[in-house]
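Notes for the one structure printed next.
We did not get these values from a lab; they are worked out from the coordinates using the rules stated. Since this is a predicted model, take the numbers as computed values, not measurements. Neighbour counts run over all protein chains shown; Cβ positions are idealised from the backbone, glycine included.
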Ligand code: NAD
Ligand code: GLY
């Protein structure tokens, strides 16, 4: 088992990564100490993983909430359903909420934990590659609003993240690929060596070879943990983790939540960010091609869908990185180095959106 630490002083916590962790009785005891636990999961995962997880909670009073599956259910109404269960099943302030699932369950469960009785402890047991490399780490929780992605939320760090890599063997192919988009993101913003490694090992990852999966989960979590430790509340450097996300969130929003997977939208969004970086004279055409080529090999989309550029721009303007009406973008200086930029020529962005979105 690999154990990493997200170093946040008194709120520091471990990320445990390994095979067979869901069968290791007692593994969560140091954080539970026999406290009541509400497990939040969804209808797809419950039949397969709820029982093993309940086995990890022996000694605690447990309850469970089984949510409908999908991004379309990442809403305040669904969070309310969890809060109702906490109240009805009489969970107190010392209870623990455990999110078992992908980023959707992790984000909603974490949000319910952040606001129930002004905040209760929570544990993340991520079961998608995306959640194991990204969403379970760092304490961003929340739900979507009809006007935009993740507009309602709270920072609430977990007590521990437990990533059993065996769960990835049941993950649908399309979801595995979506998770790989976030791994490519780490290479692009912080680690040119990881990007090069991905170019050589793409097939091993797609075959789900355990050693390759362990490598990318570990390296991604190391990078994310370091960024979060430095800038927990996204006052600066943490914004780099949003490479491709301002474009990507607009794709998700305009296409209707659930039609494009988050990771797919991020993949096309990173290509849009790379193209804009090229238009600003930062990247050359060869680097843009290299990025598109790796994402294509991983089976990810590299172009946005045909969309009205005005609607798209409006969706981008709902992004949480907007300050004083200016859309801030994460752009690439080179593979392995990114920057947050707000003083770019607006006309240049409008021109790119006009060309790319009509071609879609
Ligand atoms: P998801 O949670 O919707 O899971 C994808 C699908 O796979 C679902 O149908 C789920 O039921 C299924 N699934 C999950 N684990 C499985 C398994 N082991 N075997 C079989 N099926 C399984 O999607 P996701 O990609 O994990 O997460 C996307 C969400 O994460 C988005 O809402 C995004 O905004 C959010 N996100 C949050 C952060 C953060 O920092 N909080 C970061 C990145 C993304
Ligand atoms: N996924 C972006 C962040 O955690 O900051």
Helix 76-88 axis, angle to the chain major axis (alpha carbon atoms, nearest 10°): 10
Likely footprinting exposure, 238, 208, fewest C-beta neighbours within 10 Å first: 208, 238
For segment 235-349, alpha-carbon Rg relative to the globular expectation (2.2 N^0.38 Å, N residues): 0.99
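How high is the relative contact order of the chain, in percent, counting Cα pairs under 8 Å that sit 6 or more residues apart?
Working: 696 pairs, mean separation 54.2, N = 360.
Normalised by residue count, the contact order of the chain is 15 percent.
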Counting DSSP beta bridges with both ends in the chain, the antiparallel % (nearest 5): 40
Segment 122-187-segment 28-65 distance, computed between alpha-carbon centres (Å): 19
FRET efficiency, 1/(1 + (r/R0)^6) with R0 45 Å, evaluated for residue 355 and residue 5 via beta carbons: 0.50
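Using Cα-Cα distances under 8 Å and only pairs 6 or more residues apart, what relative contact order does segment 1-120 have, in percent? Before the final figure, lay out each step's value.
Values: 162 pairs, mean separation 30.2, N = 120.
With pairs under 8 Å counted, the relative contact order is 25 percent.
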Shape box of segment 40-144 [Cα atoms, principal axes, largest first, Å]: 31, 29, 24
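When the helices in the chain are scored as -39500 (n - 2.57) per DSSP H run of 4 or longer and the sum is shared across all residues, what 222 nm value do you end up with, to the nearest 500 deg cm²/dmol?
Working: 12 runs with 155 residues, N = 360.
Roughly -13500 deg cm²/dmol at 222 nm, from the helical runs in the chain.
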Residue order, fewest to most surrounding Cβ atoms within 10 angstrom, among 334, 175: 334, 175
Using alpha-carbon coordinates, inclination of helix 192-206 to the longest axis of the chain, degrees: 70
Ranking of 195, 122 by count of other Cβ atoms within 10 Å, fewest first: 195, 122
In degrees, nearest ten, helix 210-230 long axis to first principal axis of the chain (Cα): 80
Gap separating the Cα centres of segment 249-294 and segment 69-91, nearest whole Å: 33
Cα-Cα P(r), the chain, percent of pairs per 20 Å interval: 32, 58, 11, 0
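Classify segment 156-214 from the C-alpha gyration tensor, please: rounded if a/c falls under 1.5, else prolate or oblate depending on whether a/b exceeds b/c. Let's see the in-between values first.
Values: a/c = 1.87, a/b = 1.15, b/c = 1.63.
Cα axes put segment 156-214 in the oblate bin.
If contacts are Cα pairs under 8 angstrom and at least 6 residues apart, what is the relative contact order of segment 269-351 in percent?
Computed over segment 269-351, the figure is 31 percent.
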